[in-house]
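Please read the structure below before turning to the comments.
The values are calculated or read from the model by the stated rules, or taken from the named source; none is laboratory data. Keep in mind that this is a model prediction, so the values were computed, not measured. Neighbour counts run over all protein chains shown; Cβ positions are idealised from the backbone, glycine included.
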Amino acid sequence: MFAGVDIGGTTTQVVLCTADLTVVDSTEVPTPASQGGRAMVRAALDAVGLLRERVPARLLGVGVGAAGVVDARAGRVLVASDSFHSWAGFAVTSAVENALGVPAFLDNDVNAFLRGEVAQGAVAGEPHVLGMTLGTGVGGALWMNGTLLDGPHGAAGEIGHIPGFGDLPCSCGGRGHLETLASGRSIATRYGERTGRSLTARAVAEAATQDDPDAIAVYEAAGTAVARAILITAGMVDITTAVIGGGVSGSWQLLEPPLLAALAAEPPVSGHPLHVVRASLGSGAVAIGAASRARTELGVVTRV
Ligand SMILES: [Zn+2]
């Protein structure tokens, strides 16, 4: 068995998988983010221990997905948001290895999301994929030639903060980034600017289905921007497929038409159409993807 752990801002999800990544059991516990890295890993380990009691089998390895910038080789968190206390700098994999006595691996959560969708989800077996998560922010990851492309700083595929999408201020301090149009937070902000009304992205989506023209316009801008990011990526590294997850992808019926229209209007220079799909593993993608990393690193499979 392999364990996959998703340490999120509010909840930590743990799955136990067989070698073919079938999930045999899973659980979810609150993340004690304010209590520091040691407490967060302790909560995850307790959850793994609970699953091992329920499903007696030999544990071969553990994969962990975590928000923020991580050093995937050293298994350490580099940069974390302010809501995580004593998490930046924390050596996650050595803490897990010391506690459980099996190899452990750490990934950024968006990279783990893409690993999961490629291993078991909407783009299973696809070799060249851009993964995007449209949540509070916008995350991205690249899967090239059947393996994750992480880059020298672990930041390959970070599409949310590339410029060229207007001039609006971004959560990172920059301007005109994709995230200013396509994140849940931005959808709510853009709608508020047009109408003076304060709604969540989900409520804006509901308004769009009631033919609110401002709500429709905000989602059209999001879908068009996402398409543009996919086209830029296709032009740079010749991806064939994009998979889109995160809370905003729940409004797929609003995102997909402008997205497909933009792709059709400016097809890739390769002449090959791009395939864009909604993620299928839901909130389990990160934990399953983390388990998939452990499986790959331990040589149970060399390629997904
Ligand atoms: Zn930004």
- Query: Do the conditions hold for Val300, that is, is it of a type outside the set (Gly, Ala, Ser) and closer than 23 Å to Gly137 by Cα?
  - Reply: no
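Just to be sure I understand, how many residues within the stretch 27-74 are in a strand (DSSP E or B) and exposed (fewer than 14 other Cβ atoms within 10 Å of the Cβ)? First the steps, then the outcome.
To start, the set of residues in the stretch 27-74 that are in a strand (DSSP E or B) comprises 27-30, 61-66, 69-71.
Restricting the remaining residues to those that are exposed (fewer than 14 other Cβ atoms within 10 Å of the Cβ) gives 30.
Residues flagged as in a strand (DSSP E or B) and exposed (fewer than 14 other Cβ atoms within 10 Å of the Cβ) within the stretch 27-74 amount to 1.
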- Note on the structure: Considering the stretch 161-196, residues that are touching an Asp or Glu at 6+ places or on another chain (Cβ under 6 Å) and outside any helix (DSSP H, G or I), and then whichever is nearest to the ligand (Cβ to nearest atom), we arrive at Cys170
- Item | Restricting the stretch 1-59 to residues that are in contact (Cβ under 8 Å) with a residue 12 or more places away in the chain and among the basic types (Lys, Arg), the residue that is farthest from Leu100 (Cα to Cα) | Arg54
- Which one of these does Gly125 not meet: (1) within 16 Å of the chain's Cα centre (by Cα); (2) in a loop (DSSP other than H, G, I, E, B); (3) touching a residue at least 60 places away in the same chain (Cβ under 8 Å)? (1)
- Message: Taking the criterion of being free of Cβ contacts under 8 Å to residues at least 24 places away in the same chain, touching a Phe, Trp or Tyr at 6+ places or on another chain (Cβ under 8 Å), outside any strand (DSSP E or B) and surrounded by 16 or more Cβ atoms within 10 Å (Cβ to Cβ), would at least one residue in the stretch 87-97 satisfy it?
- Response: no
- Kindly indicate whether Ile230 is among the aliphatic types (A, V, I, L, M) and assigned to a helix (DSSP H, G or I). yes
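Is one or more of the residues making up the stretch 112-121 in a loop (DSSP other than H, G, I, E, B), more than 13 Å from the ligand (Cβ to nearest atom) and modelled with pLDDT of 95 or more?
Residues of the stretch 112-121 that are in a loop (DSSP other than H, G, I, E, B), as a first pass: 121.
From what's left, more than 13 Å from the ligand (Cβ to nearest atom): 121.
From what is left, the residues that are modelled with pLDDT of 95 or more are 121.
Yes; the residues of the stretch 112-121 include at least one that is in a loop (DSSP other than H, G, I, E, B), more than 13 Å from the ligand (Cβ to nearest atom) and modelled with pLDDT of 95 or more.
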